[in-house]
Amino acid sequence: MLIDTHAHIDMDNFQDRFEEVLKTAKDYGVEKIVIPGVEPSGFARILSLCEKYENIYGAVGIHPEDVNSYDENSENLIREYLKHEKIIAVGEIGLDYYWDKTQTEKQKEIFEKQILIAKEAKKPVLVHDREAHFDTFEILKKTQAAEVGVVMHCFSGSVEFAKQCIKEGFYIALGGVTTFKNAKKTKEVAKEIPLDRLLLETDSPYMTPVPYRGKENQPAYVKFVAQEIAKLREITFEEVVSATTDNAKKLLKI
Ligand code: NI
């Protein structure tokens, strides 16, 4: 059974057909789903979904695009939510120099603060790194985030960067991009990195894999990512599923 380690199914897009999306996921063999937080006003909904559905887990954190919502209150809120057993990580946190280059210092400061909260809570971090590989890596190394576990969500770096991350003990999460015809770099990563460092995700509703590219993504489609990785590595689909599911269970304790 598959695990989707990153799906924003708390978003309004899914509200009216949440059960249907879960059922489709189950039909596709998806056993567990992790919903990452992006900003404080969304945490309550994530927790309520975790409490309602056994196979849903959540994370809380402030996304680099939402750093302005970070203050003492939101920091306390993150700490509070982390006490819940189904809130299994801090995320998604990190750096995004693609959308906003005006607040890089602030992004770095808040990324680091949230890593320290994760370390306090002894829970892993789900990391968003967009066009910020160097700084993201430096901060993760400096804070020794690997002690609690690091997931490089929607990994977009080269195979060399992936290997550097793995050397530090990080996990690499791959999603829909792996199935894109022109995604040479990501396909190479999928092929080259050790299986015991690999996680699967959809990043729903974004990043929809082939054959549904361009449409709305949902956790069920993590299956297409696993199929593509199996093809690239010339191993069976079952091998990819079993390795990535074991990795997710071990790291995220789900
Ligand atoms: Ni995300």
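The values are calculated or read from the model by the stated rules, or taken from the named source; none is laboratory data. Quantities reported herein were computed from a predicted structural model and do not represent experimental measurements. Positions of Cβ are backbone-derived with ideal geometry, glycine not excepted, and every protein chain shown enters the neighbour counts.
Which members of the range 1-17 meet the condition of being more than 16 Å from the ligand (Cβ to nearest atom) and farther than 18 Å from residue 174 by Cα?
Correct list: 15, 16, 17.
Against the test of being in contact with a Gly (Cβ under 6 Å, 6 or more places away or on another chain) and under 16 Å from residue 224 (Cα atoms), the options 179, 202, 186 yield a single qualifying residue, 202. Quick check, is residue 59 in contact (Cβ under 8 Å) with a residue 24 or more places away in the chain, surrounded by 16 or more Cβ atoms within 10 Å (Cβ to Cβ), in a helix (DSSP H, G or I) and out of contact with any Phe, Trp or Tyr (no Cβ under 7 Å at 6 or more places or on another chain)? Spelling it out, it is not the case that residue 59 is in contact (Cβ under 8 Å) with a residue 24 or more places away in the chain, surrounded by 16 or more Cβ atoms within 10 Å (Cβ to Cβ), in a helix (DSSP H, G or I) and out of contact with any Phe, Trp or Tyr (no Cβ under 7 Å at 6 or more places or on another chain).
Tallying residues that are outside any loop (DSSP other than H, G, I, E, B) and either within 14 Å of the ligand (Cβ to nearest atom) or free of Cβ contacts under 8 Å to residues at least 24 places away in the same chain (or both) within the range 87-101 yields 8. Screening residue 141 against (1) over 24 Å from residue 250 (Cα atoms); (2) surrounded by fewer than 21 Cβ atoms within 10 Å (Cβ to Cβ); (3) at pLDDT 95 or above leaves a single unmet condition, (1). The set of residues from the range 187-214 being on the phi < 0 side of the Ramachandran plot and within 16 Å of the ligand (Cβ to nearest atom) comprises 199, 200, 201, 202, 204, 205, 206, 208, 209. The number of residues in the range 41-61 being in contact with a strand residue (DSSP E or B) (Cβ under 8 Å, 6 or more places away or on another chain) and within 16 Å of the ligand (Cβ to nearest atom) comes to 9. Assuming residue 73 fulfils every condition listed in (1) assigned to a strand (DSSP E or B); (2) away from the ligand (no atom under 16 Å from the Cβ) apart from one, which condition is it? The failed condition is (1).
Residue count for the range 18-38 under the criterion of being of a type in the set (Lys, Arg) and either without any contact (Cβ under 8 Å) to a residue 60 or more places away in the chain or within 16 Å of the ligand (Cβ to nearest atom) (or both): the result is 2. The residue that is farthest from the ligand (Cβ to nearest atom), among those in the range 111-131 that are farther than 20 Å from residue 6 by Cβ and in contact (Cβ under 8 Å) with a residue 40 or more places away in the chain, is 120.
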